[in-house]
Amino acid sequence: MPDVSAGVPRPRPSHRTLASVAVLLLVFLAGGAFAAQKPTKPSNDDCLVCHGDPTLTKDVGGKPVSLYVNPDSFKNSIHGGLFGCVDCHTDVKTSPHENTPAHITCATCHADEQAAYGRSYHAKAIKAGDGQAATCVDCHGSPHELLPASDPKSRVNHANIPATCGVCHSQKFVMEASGHSAQPFFSYEESVHGRAVAAGSDKAAVCTDCHGTHEILAATDPKASIFKFNVPLTCGKCHAAVQQEFTKSIHGQAIARGNSEAPVCTDCHGIHSIKSHIDPNSSVASLNLARSTCARCHEGVRLGQEFGFEGRRATTYLASYHGLASKLGSQVVANCASCHGVHNILPSSDPNSTINRANLVKTCGQCHPGVTEKFVAAKVHVDAPLSADTGSIAVRWIRKFYLGMIWLVIGGMVLHNLIIWRRKAILRRKTEHRLVTRMSRNQRLQHVLLFSSFIVLVLTGFALKFPDSWFASLLGLGEKVRSIAHRVAAVILIGVGTYHLFYLVLSRDGRRLIQDFLPAPKDASDVWGTLRYYLGLGSEKPEFARFNYAEKAEYWALVWGMFVMAGTGIMLWAKVAVGNLLPRWWLDVATAIHFYEAVLATLAIVVWHFYQVFLDPDVYPMNWAWWDGKMPFEHYAEEHGLDTNTLLEAARSEVAERAEEEPVLPAVEGPVAPGEPAAPEADREPVNSRK
């Protein structure tokens, strides 16, 4: 069938239709052009074109701040693997950008963590103006390099937490600026936890295990994990079994009632310096339990009166066999925990207590197998002066009896021997031919003032250093009287020393004295010769002049000690003036020198000088030269044979004394036996001559 339309002309579009098509075409073309001009979102590579340059910096407050982002670190970070740069920096539309991007806050993605940090001690410190308090970046590191906590290289990885916190908490001046100390960090490093972490443990507690992570609060905050009443729960996160025992104990029950005086874990074990119980420096080591840890509450009377338990528990333990053996280093003797338990401490009235009457056989039997009810019936902490039990009363009366007996018997013995010693000493002094003048009256007076003031100084000085000693209690002096007596004796001693210097220079006897005291080369050989002789290695004993090597050494030691003790003593007496003139540590040095020089001088007098005056068999019971200045001629000739001047003077005195006191009478012949010739005239002796 023919196409009839083929010959029919098609209608032309109207002008209106053509205009509509033209408008649509123009809109389409304009939209395409607009789409072509719209900027695309910058990629990480676009940003790193600039920020991957290590030299890129920005001036902030006159100081260049680096804007460098390490491409590899960012790519490997937790953010680089999940987000692009503009996902956080949402205000960056183009690359490069003209305006400085707005500050990024972690709260955008980490709202809960940011809220917890906002309540923390660090955030409050920043609000208070502490510019050194930790922020997110200080702990986690730069957001461009931030690693997950599971990564061993992460700052917040378990093994790295101590070092991360130590960036601030190990800095002395940083911590002191905010009113804290850097010592807790170093104590933690030496603790059982710190050493375990350093050895590679992934279970030992680090800072965040106890203090928390983002919401770190002050110990005084009741919500803090380290608030006293929360400490058992905090420690219980790792030590659950121990925490359960503690909760049931008398201490745990007291804490549950809100008793702030009751101890928690940190009161006994320490806070940051927790150590193993086998470490001798640990507060829970065997010996330290009674001396310090348990004694803090159970030794004084204040807490005992407040809560109804007995005091002086440490004193009575340390006075017992257990305590004495412990102080001597026994590692097996019972301590507080051996009897009372460790974490499960209960009062004796509790049937589950290890010191309940029904359980004592078992408790004591741990160390003493075979004990019976009779053995454990006695009181362990025997406090004779205070307790009213039968054993303590008996001990108290026995104590009184024997103290009286000791004073009576020993005092009587001392008095008895003193009477005999005194009489023998006087008789020997009278019967000895004591002609040699060893010390003049002037020298004896100096000597008496010297040793009297020295004895007072020793007693009053050591009474201050050892206030609990027997001689301190023997004096019975208060501190005011003691200090006055010490200073008066010091003035006398210094006065005697000053007078002695003038005596040596201005008097003839003094100049001779110092000349005879001067050391000589012979003194060195005399030391060796004397030791050889008394050890039986030599046949001849060295002879000495007026003073032997021992007396010379003692004299010059006295001179040295006088200057040292006087100098340091004056410094300590005028401590304010000295402290204002010199650094304060000079007084500490003077105190140390004064004390140790006093110990040296005291021991030298007792060991060296007292031997020569009292214990030397040649002078026993006493060398009386200090009293009247005289010595026997024979003894002086034996000890100082080279001092011919003194010996000649003594011989002249002897001749003069005999001439005055014993004139020679005519000889009287006695009867002669039959057959025996009479004695020659020269051999006859006056009847009143002295043999």
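Brief remarks follow.
- Loop-exposed GluC sites (Glu not before Pro) per DSSP, neighbour cap 14 Cβ within 10 angstrom, longest uninterrupted part of the chain: 311-539
- Separation of the Thr315 and Trp586 label points, Cα + 7 Å toward Cβ, nm: 4.3
- Under 15 Å, Cβ to Cβ, from Ile514 - net charge with Lys/Arg +1 and Asp/Glu -1: +1
- Full extension of the chain between Leu501 and Ala378 gives 37.5 nm of extra length, using 0.36 nm per residue less the Cα-Cα distance.
- Fully extended contour minus Cα-Cα distance, from Arg119 to Val607, at 0.36 nm per residue: 168.7 nm
- Dividing the helix sum by the residues of the chain, where each DSSP H run of 4 or more adds -39500 (n - 2.57), gives a mean residue ellipticity at 222 nm of -16000 deg cm²/dmol.
- Working note: Karplus 6.51/-1.76/1.60 with θ = phi - 60° gives the stretch 247-255 the couplings 4, 7, 6, 5, 6, x, 5, 5, 5 Hz, where Gly and Pro are set to x.
- With Cα atoms defining each centre, the stretch 91-146 and the stretch 167-225 are spaced 23 Å apart in the structure.
- Working note: Karplus 6.51/-1.76/1.60 with θ = phi - 60° gives the stretch 258-266 the couplings x, 7, 6, 7, 6, x, 10, 3, 5 Hz, where Gly and Pro are set to x.
- Using the Karplus relation 6.51 cos²θ - 1.76 cosθ + 1.60 with θ = phi - 60°, the per-residue 3J(HN,Hα) values for the stretch 123-132 come to 5, 5, 5, 5, 5, 7, x, 7, x, 9 Hz, with x marking Gly and Pro.
- Annotation note: chymotrypsin sites (Phe, Trp or Tyr not before Pro) in the stretch 554-622 located in DSSP loop regions with a Cβ neighbour count of at most 12 within 10 Å are absent.
- Distances between placed amide hydrogens fall under 5 Å for Thr57 paired with Leu67, all partners being 5 or more residues away or on another chain.
- Set of aspartates and glutamates with alpha-carbon distance to Lys127 below 20 Å, sequence-local pairs under 8 removed: Asp112, Glu113, Asp138, Glu176, Glu215, Asp221
- Neighbourhood charge, 14 Å Cβ-Cβ cut-off, centred on Ile161 and excluding it, Lys, Arg +1 and Asp, Glu -1: -2
- Amide H contacts of Val436 (H built 1.01 Å from N, under 5 Å, at least 5 apart or other chain): Met631, Phe633
- For the residue pairs Lys124/Lys228; Lys124/Lys223; Lys203/Lys237, the alpha carbons lie more than 18 Å apart in Lys124/Lys228.
- Separation between Cα centres of the stretch 355-375 and the stretch 603-618, rounded to whole Å: 55
- For the chain, the longest principal axis of the C-alpha atoms and the axis of helix 644-661 are separated by about 40°.
- Set the Cα radius of gyration of the chain against 2.2 N^0.38 Å, with N its number of residues, and you get 1.82.
Where a number appears in this text, it was derived from the coordinates with a stated rule and is not lab data. Since we're looking at a predicted model, the values are computed, not measured. Note that each Cβ is placed from the backbone with ideal geometry, even for glycine, and that neighbours are counted across all protein chains shown.
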